[in-house]
Every structure is written in structure tokens, then in C-alpha cells.
1. Within region A:193-209, does at least one residue satisfy the condition of being more than 14 Å from every other protein chain (Cβ to nearest Cβ), part of a helix (DSSP H, G or I) and not charged (D, E, K, R)?
2. Here's a check for you: in region B:79-98, which residue that is over 24 Å from B:Ala152 (Cβ atoms), of a type outside the set (Gly, Ala, Ser) and crowded, with 18+ Cβ neighbours inside 10 Å is farthest from the other protein chains (Cβ to nearest Cβ)?
3. Exactly one of (1) of a type in the set (Lys, Arg); (2) buried (at least 16 other Cβ atoms within 10 Å of the Cβ); (3) out of contact with any helix residue (DSSP H, G or I) (no Cβ under 9 Å at 6 or more places or on another chain) is unmet by A:Arg183. Its number?
4. So, in region A:48-71, exactly how many residues are more than 26 Å from A:Thr215 (Cβ to Cβ), over 23 Å from the mean Cα position of the chain (by Cα) and touching a residue at least 12 places away in the same chain (Cβ under 8 Å)?
5. Return the total of residues in region A:157-180 being within 14 Å of another protein chain (Cβ to nearest Cβ), out of contact with any helix residue (DSSP H, G or I) (no Cβ under 9 Å at 6 or more places or on another chain) and of a type in the set (Lys, Arg).
6. Residues of region A:59-74 being part of a loop (DSSP other than H, G, I, E, B) and hydrophobic (A, V, I, L, M, F, W, C), which ones?
7. I'd like to check something: does region A:117-125 contain any residue that is free of Cβ contacts under 8 Å to residues at least 40 places away in the same chain, part of a strand (DSSP E or B) and at negative phi?
8. I'd like to check something: does region A:5-16 contain any residue that is touching a residue at least 12 places away in the same chain (Cβ under 8 Å), out of contact with any His (no Cβ under 9 Å at 6 or more places or on another chain) and farther than 26 Å from A:Ser150 by Cα?
Amino acid sequence: MNAKAIVVTSGKGGVGKTTTTANVGAALAQLGEKVVVIDTDVGLRNLDVVMGLEGRVVYDLIDVFEGRCKLKQALIRDKRVENLHLLAASQTRDKSALSEERMRETVTKLVDEEGFDRILIDSPAGIESGFQTAASAAEGALVVVNPEVSSVRDADRIIGLLEARGITEIKCIINRLRPDMVRRGDMLEVDDVLEILGIKLIGIVPEDEKIIVSTNVGSPISLDKEKSGAGDAFRSIAKRVQGQEIPHSALESKRGLMTYLRRILGIG
Amino acid sequence: MKTRGTRNGILLSLDAKDTPETVQGTQLELLSGKVFVELAERASWATLKALEALVTEAGGTLAEVRPPGAVVQARGETQIVARTVRSGGRVESRGSAIIIGDVNAGAEVVAEDDIIVLGTLRGVAHAGAGGNEAAFIWAQQVQSKQLRIAGALAQAGGDSKTVSGPEVAQLHNGQIILRPWEH
């Protein structure tokens, strides 16, 4: 993706925005990029927990916005990976403390003065000010969607709002896919989701119990050397964000090519 | 094209006679600051794109593009929307509406005459909204849970089969009938 500042969003809650932000961010840092992940879910902050950096938060995004600290002071450096940083949300304030203007200023500074290659902005659920602020500074977007009708509906709404903001580089992550359920026809297929949303796929992350463990212990699974479905998927997504061509795994259905052909021929 | 200076910047009003060529004549100095554009009813997309390129070249910013201000769409005029209408989106037309793209679930298209969707219709479509009982709804694929024509309402059953291929919905004796479309 050309975008340096990328918002990770979904509309619906609980689909895996924060986990995606932490894991893709960590994987990008491991690939050598200087990365900062920003939590904009003021009042319900989670990204620090998922990344295992909870105890190290001193200053947060709102402190930066309101001038109580320097931007550098609020950047928490992850000790596991070089080049990975967190800018935490405030837990004791609410969304009214957010400001689109401050957000844009902060992101500009992170790029121009701090030299970050990639800024992943973890958006809160919903379409209100939290999301709007998160999106305001973004040039690109990763839309996280679960293969279920309500999640797709909300993602569709979010894509409309992103497009209205002039954000054109929008990619889809299908998260928590259960291949066995898709085979039984109990879950939406990847193609169905993409057909409705009309945006490009950047990765499919299978449902993986190890995610829950990694979240609880605060260690992104993509940093784990051990092989895991979700970890591999997040690492592939990071490579695709960088522009590498990595084929999608066999989770995609065989219908893929036919649907694609039908779509370009305009039949069905 | 009319050019006016306002307190906030330059206001350009595009009208139907403007083409990408005619806007080229605009003085670049005028476009180097904040530029607001007001579109007349039939201003073309190509013209707007040409103007946008000029503003960028002049180092200015296109601060806002306004739809035709107080101009109300004339009765019977067809509205064309050349993009997918996503969840939360709403298209209203005082005449017919043609959507080049899909109408996704959670979106609404309301037209006083016909609705034509050159894509998949998944959202709510209400044709003949002013009471026109001759209005129809046509789509390349109909997957809506609800269709309305004039005062009539049709709701999809629980396990309704989807027909692949174009379908058309029309009123027959006060009931909405959806059937495959044959030319």
C-alpha cells in the first residue's frame, strides 16, 4: 500500500480491529519498517493490553493533543521488536477529547519529524466521532470483516464513509474465518463478502485459539516463531501491505476464478 | 463558468455549457488559494476533473464541491448514480433513478418513477414513490428483502430462491410481481 497512515476499522465491534492492528504492526516492524500503532479508542483502550505494554503507558494520545507532553514522550517503544512503537489512548477520558485537527497534526509530525514509515490507527467501533477522528488522518484503510452478515453490512457502511473522505486505498481483511463452517455452507464465503463490498482482499485470517492466548498474555501472535494459522496470515498481510505479491492460502473457495470471470464479463 | 470572490475564497459556478476545454482558460492565479465549486444541474464530471487538475497545478485546494444549491430537481428528471450505493446511503429522485453499480443491503433508493439497477439490488427500492403505479424496478440481480412500488409492499419470504439474471418488478392488481426479465 502506498499509504503511510492506515486506519484499521470495521464499523462493528469485536471483529478483531485491535488484534489486527497489533499483529500487522508487529509484523511490519519485523520486516524492518519503523512502525507506530495508535489507539484512538479513548475511554476503552485495549491496544496496550493486547501488545503487553499496559504497564508502560505514562502519557497518551490525549496528553499529546492537549499539550501535556511532547509527542516523543508518549511513544512507547516495544522491547521485543526494534522499530515498533505504541501511542496509547487515554482510559480516563471519552471521545469528546478527540480532535480531527490534532490527529492530523500528530500524524504529520510522526512522519515528518519522527520518521515513521507506517502508522496504523486502531479505530473504535461505530461511525461516530471516534471513528471519524481515526479516519481523518488516514490515507489508506484496512477494513476488518468477519464472514457474517451483520459484520459485512457494517463494513459496507464504513467503506462508504471512508470513500466520502476521499480515502481510496481500502483493503479488506477477512478475519476469523472457519474453513469447516464455510465448507458446510454455514458461513459466508470469501467471494460473497468481496462481491458485496467491492474492495480488494489483502488477507484471510483463520479463527485460531492461539489468538486468545496471545491476547491474554500480551504478545502478538505474529511475533511468535511457532507456526500458527493466524500468525502466518498476519505476517502475509504485512508483506502485502509492503507491496509483495503473496498468494492467498487455500482458504479461498474454488469458485474464485469463475466468480471473477463472471464479474468482469458482467454476468451474474 | 462564473467566477466570484467570497470571504473564504474563490467561488466558481460551473454550468451546462462548460467543458474541460472552456475551463482551461481560467487564470491560474485565481485558483491558487481555496476554491469552492458550485455545480449547475448538468455540469459534466469531465469538466470538474479538468478544473480539479487546474487547481492542483495552480497550488490551490478544492475546498468544497457543492451540488446545485437551491435548484430542485425537476419533476420527471432521471437521476443517474454512477457508483455503488452502500449501506446507509440513500438516493432520491423526482423522476427515475438509474444506479450504475450495486445497491447494497442497508441502502435505499426512492424514485417517483422507475428504478433501474445495473448491478445487484440488495437494499430497499421504492419506485413510484409519489403514487405512480406504472413504475417498475429492474435490476441485473434482485436480492432485496423488500421492494415497494407506489403504495404496495413486497417482502421476500424466508427461503426465497434467487434467480440469476435480470428481474423486473411491476404492479399487477395492486400486488408486486417479480419475474425474470426477457427482452
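1. Here is the first cut: in region A:193-209, the residues more than 14 Å from every other protein chain (Cβ to nearest Cβ) are A:200-209.
Cutting the leftovers down to part of a helix (DSSP H, G or I) gives us A:209.
If we keep only those that are not charged (D, E, K, R) as well, we get none.
Within region A:193-209, not a single residue is more than 14 Å from every other protein chain (Cβ to nearest Cβ), part of a helix (DSSP H, G or I) and not charged (D, E, K, R).
2. B:Thr84
3. (2)
4. 1
5. 1
6. A:Cys69
7. Taking region A:117-125 first, the residues free of Cβ contacts under 8 Å to residues at least 40 places away in the same chain are none.
Scanning region A:117-125, I find no residue that is free of Cβ contacts under 8 Å to residues at least 40 places away in the same chain, part of a strand (DSSP E or B) and at negative phi, so the answer is no.
8. Checked region A:5-16: at least one residue is touching a residue at least 12 places away in the same chain (Cβ under 8 Å), out of contact with any His (no Cβ under 9 Å at 6 or more places or on another chain) and farther than 26 Å from A:Ser150 by Cα.
None of the figures in this text is laboratory data; all of them are computed from the coordinates on show. Keep in mind the model is a prediction, meaning the values are calculated, not measured. Reconstructed Cβ throughout: ideal geometry from the backbone, glycine too, with neighbour counts over all protein chains shown.
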